[in-house]
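Structure record follows, encoded as structure tokens.
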Amino acid sequence: MDGFFATLFASGRIVDAILVLVALEALVLLGVRARWGRGPAPGALLSNLASGAALMLALRAALTGAAWPSVAAWLAAALAAHIAEMVIRFRREGATVSSDCDKATWNNRKWRTFGARPPVT
């Protein structure tokens, strides 16, 4: 069994198998979105999965001994996809900023102190 996995890692085929699973995940989530209207927005989903896929391809390039420019190119592609996802998420149509969100009392009302228990009175 060790030899099987050693071969998968040395050849980079383990990354190929994971990429197939990521593609299936994308198809399932897009299908759920199309059928029932639930799930993540397609643009944000695909850019998120693209950034992860680019990171996995950078790993594959490193595992197979590819030259550093190809690893760097995949990392740059991952960064570009991640930035695209952030732009999509922060540019939601009709998004507004509450005037209360910078007030400490408003923030602490919901989140308290990031999971710490409030003092017992």
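Values in this text are rule-based calculations from the coordinates and carry no lab data. Since we're looking at a predicted model, the values are computed, not measured. Note that we place each Cβ from the backbone using ideal geometry, even for glycine, and neighbour counts take in every protein chain shown.
Mind checking the full-extension length gain between ASP2 and ARG33? Use 0.36 nm per residue of separation minus the Cα-Cα distance, one decimal, nm.
7.2 nm
By counting other Cβ atoms within 10 Å of each Cβ, how are THR64, THR7 ranked from fewest to most? The partial results should precede the final answer.
Values: THR64 14, THR7 11.
Fewest-to-most Cβ neighbours within 10 Å comes out as THR7, THR64.
Given R₀ = 41 Å, FRET efficiency for ALA44-ALA17 by Cβ-Cβ distance, to 0.05? Each step should come with its number before you reach the end.
On the way: r = 25 Å, r/R0 = 0.61.
The calculated FRET efficiency here is 0.95.
When you count, for each residue, the other Cβ atoms within 10 Å and take the mean per peptide, how do 24-35, 50-61 rank with the highest first? Kindly include the intermediate steps, with their values, before the conclusion.
Working: 24-35: 12.6, 50-61: 19.8.
Packing proxy ranking, top to bottom: 50-61, 24-35.
Over the Cα atoms of region 1-79, what is the Rg over Rh ratio if Rh follows Kirkwood?
1.09
At R0 = 30 Å, how high is the FRET efficiency between ARG89 and LEU63 if r is their beta carbon distance? Nearest 0.05 is fine. It would help to have the intermediate numbers written out before the result.
On the way: r = 31 Å, r/R0 = 1.03.
So the FRET efficiency works out to roughly 0.45.
Once Lys and Arg get +1 and Asp and Glu get -1 on their Cβ, which of ALA66, LEU8, ILE83 lies farthest toward the positive end of the dipole of region 2-96?
The listed residue farthest towards the positive side: ILE83.
In bins 5 Å wide, starting from 0, what share of all Cα pairs of region 7-50 does each bin hold, as a percent?
Going out from 0 Å in 5 Å bins, region 7-50 shows 5, 22, 24, 17, 12, 9, 7, 4, 1 percent.
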